[in-house]
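The values are calculated or read from the model by the stated rules, or taken from the named source; none is laboratory data. If you're wondering where the values come from, they're calculated on a predicted model, not measured in any experiment. So basically every Cβ, Gly included, is an ideal-geometry build from the backbone, and we count neighbours across all protein chains shown. The area values use the complete protein model at the heavy-atom level, side chains included, leaving out ligands, DNA and RNA. Shrake-Rupley method; radii C 1.70, N 1.55, O 1.52, S 1.80 Å.
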Amino acid sequence: MTKIERMQAALGGRKVDRAPYSAWYHFGQQFRDGMAHAELEHAFYQRFDLDFLKVMNDYDYPRAEDMYDVVEPGDWHRLPQVSPWSYDGYKQELTALRELSRRMGTEAYFIDTIFSPWTTARNICWKNWRAHMNEHPDDFLAGLETITVNLERLVSAMMEVGTAGIFFSVAGAAKEYMTWEEYERFGKPFDIRVLKAAEGAAMNVLHVHGSAVYLRELLDYPVTCINWADRDATNPALGEVRKLTKLPLMGGVDHDSFKELTLAEVQAQAEDAHAQLKGRAFILSPGCSLKTNTLPRQIDNLRDAAHRLRGVG
């Protein structure tokens with residue numbers, strides 16, 4: 001199978017020649033321009049022979065000129081709405097995606113990371129998000145509205161330059177952050193809007209970030225695949241979630257300890273994940289980003305493990 005054929009089969013729950021796989025980490029090069037970003041992403045894709053490329057998106061979120069952190073509740077109203085081609089951070093990401101489309105063509109899917117509106121709000125208000133959400137909900141919701149509009153525009157532009165979909169990272173849908181009732185108000189409605197902007201894309205992945213996540217509550221999200229830290233003891237395993245949904249599932253490898261795992265342990269986790277899902281609608285990957293200092297040989301081993309996982313009839 002070609003890489004796209006393999007991914008299409010896995011996403012469609014059909015027979016594959018062997019398990020598709022991918023991996024990713026933060027490169028720490030968000031100070032470089034979009035062309036340099038594309039060069040690094042493409043080199044990573046080629047070096048590890050990934051079945052699809054999950055592009056990192058670490059450029060900063062737009063603020064008003066005289067602010068960085070959201071400190072006061074009123075600051076949420078000062079967040080600007082921007083064009084994705086006028087704000088430099090978005091423009092550099094789109095430049096990278098356009099270049100990746102030129103380089104990869106029909107060879108393999110590449111999808112770009114989008115941090116959910118709530119996740120983005122938390123990232124620009126690390127110190128005060130909880131107080132603002134609880135004590136000034138109208139201000140907080142106003143900020144979420146602006147963030148969502150900007151992300152909707154960005155996702156639409158990503159589709160226009162040839163991106164195969166988005167890797168939608170949701171960090172707030174977990175007990176460590178809030179109750180499910182709170183996330184229903186401050187997270188889910190905005191998530192659905194951003195996902196709708198990517199509607200019809202070949203591969204939209206929901207990444208539910210963290211421990212003790214509300215995974216069951218998110219199974220109705222309009223995506224083509226789900227990824228979470230399934231090796232985290234507070235989260236459901238792949239086999240448990242298979243009983244709840246027919247959506248393709250992506251994971252199987254412990255991202256947190258990957259750097260310290262022996263090659264045999266990685267192989268064992270890959271085989272166990274494959275067995276849990278009987279090789280169907282399954283993509284082998286870590287449950288989240290690998291550590292940046294992960295050695296190439298360790299990712300090579302993950303690739304080799306995927307290549308040994310044959311398709312099922």
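Can you compute the helix-only [θ] at 222 nm over the chain? Use -39500 (n - 2.57) per DSSP H run of at least 4 residues, normalise by all residues, nearest 500 deg cm²/dmol.
That comes out to -12500 deg cm²/dmol.
Would you mind computing, in nm to one decimal, how far apart the modelled labels at Ser211 and Glu72 are, each placed 7 Å from Cα along Cα→Cβ?
My value for the distance between the label points is 3.8 nm.
Taking every DSSP beta bridge that has both residues in the chain, what percent is antiparallel when rounded to the nearest 5?
10
Report the extension gain between Ala237 and Lys259 in nm, rounded to one decimal, defined as 0.36 nm multiplied by the number of residues separating them, less their alpha carbon distance.
Going from the current span to full extension adds 5.8 nm.
Residues with beta-carbon under 15 Å from that of Glu240, excluding Glu240: net charge, scoring Lys, Arg +1 and Asp, Glu -1?
+2
Give me the percent of accessible area attributable to carbon and sulfur for the chain, probe 1.4 angstrom.
Carbon-and-sulfur percentage of accessible area, whole number: 50.
For segment 257-313, state which GluC sites (Glu not before Pro) are in a DSSP loop and have at most 15 other beta carbons lying within 10 Å of their beta carbon.
none
Of Met7, Gly172, Tyr45, which is farthest towards the positive pole of the chain's charge dipole, taken about the Cα centre with +1 and -1 on the beta-carbons of Lys, Arg and Asp, Glu respectively?
Met7
Using alpha carbons only, how many angstrom separate the centre of segment 196-213 from the centre of segment 99-125?
11
Which order do the peptides 245-251, 78-84, 30-36, 226-232 take when ranked by the mean count of other beta-carbon atoms within 10 Å per residue, highest first?
So the order, starting with the most tightly packed, is 226-232, 245-251, 78-84, 30-36.
To the nearest 20 debye, what charge dipole does segment 101-146 have about its Cα centre, counting +1 at the Cβ of each Lys and Arg and -1 at the Cβ of each Asp and Glu?
280
Mind checking the dipole of segment 148-304: about its Cα centre, +1 per Lys or Arg Cβ, -1 per Asp or Glu Cβ, Debye to the nearest 20?
That gives a dipole near 320 debye.
Which trypsin sites (Lys or Arg not before Pro) in segment 126-216 pass both tests, a DSSP loop state and at most 16 other beta-carbon atoms within 10 Å?
Lys127, Lys175
Cross-link candidates for Lys15: which lysines have Cα within less than 27 Å, leaving aside residues fewer than 8 places away along the same chain?
Filter leaves Lys3, Lys54, Lys243, Lys246, Lys278.
How far, in nm, would the chain grow between Ser83 and Lys291 when pulled straight, counting 0.36 nm per residue and subtracting the alpha carbon separation?
Using 0.36 nm per residue and subtracting the Cα-Cα distance, I get 71.6 nm.
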